[in-house]
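Okay, structure first, notes after.
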Amino acid sequence: MDRESLSRLLAIPGFFVREVKFEPPTEGDRGFAWVVLERERPRYRCPCGRVFTQPYDHSTRALRDLPLGPWLTVLVLRLARVDCFACGVKTEVLEWLAPHARMTRRLAESIAVLCRAMTVEDAAPSVPT
Ligand SMILES: [Zn+2]
């Protein structure tokens, strides 16, 4: 699958797929799809809502996402901090990622739906870990 198609499939707002690496399953573990995301344009939103075009700095984050078929998916992206004149240095806000989260909102919502429909023990095998 080409990067454009995968970008459309993943539909991460503001980002596109730059690279995908597959890590084959190991004994007792599922395989991983490491999806490296790149920002479509330099826009960094402070928690107060102000938008900046220049980051204060960046850090690389690895975030769990919904699985792609049998592959556990990890999104790798550079998360920015902004130097907001009103708030100080703050980590940017992304609509699809809760603050300090290690997984996307849609994965968290998927887990919540499973846990409402069944016990945690029954839902656990369906949840990527
Ligand atoms: Zn701010």
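All of the numbers you see were taken from the coordinates with simple rules; none came from a lab. In this text the structure is predicted, and so the values were computed from the model without any measurement. Backbone-built Cβ (ideal geometry, glycine too); neighbour counts: all protein chains shown.
Which one of T91, T53 is within 16 Å of the ligand (Cβ to nearest atom), surrounded by fewer than 16 Cβ atoms within 10 Å (Cβ to Cβ) and on the phi < 0 side of the Ramachandran plot?
So the residue among T91, T53 that is within 16 Å of the ligand (Cβ to nearest atom), surrounded by fewer than 16 Cβ atoms within 10 Å (Cβ to Cβ) and on the phi < 0 side of the Ramachandran plot is T53.
If you check A108, A80, which single one turns out to be closer than 30 Å to S5 by Cβ, touching a residue at least 24 places away in the same chain (Cβ under 8 Å) and within 14 Å of the chain's Cα centre (by Cα)?
The conditions single out A80.
How many of the residues in segment 56-71 are surrounded by 17 or more Cβ atoms within 10 Å (Cβ to Cβ) and within 18 Å of G14 (Cα to Cα)?
Within segment 56-71, residues that are surrounded by 17 or more Cβ atoms within 10 Å (Cβ to Cβ) and within 18 Å of G14 (Cα to Cα) number 3.
Among the residues of segment 1-24, write down those that are without any contact (Cβ under 8 Å) to a residue 24 or more places away in the chain and either closer than 15 Å to C84 by Cα or part of a loop (DSSP other than H, G, I, E, B) (or both).
Selection gives M1, D2, A11, P24.
Does Y44 qualify as being more than 28 Å from R3 (Cβ to Cβ), among the hydroxyl-bearing types (S, T, Y), within 16 Å of the ligand (Cβ to nearest atom) and in contact (Cβ under 8 Å) with a residue 12 or more places away in the chain?
no
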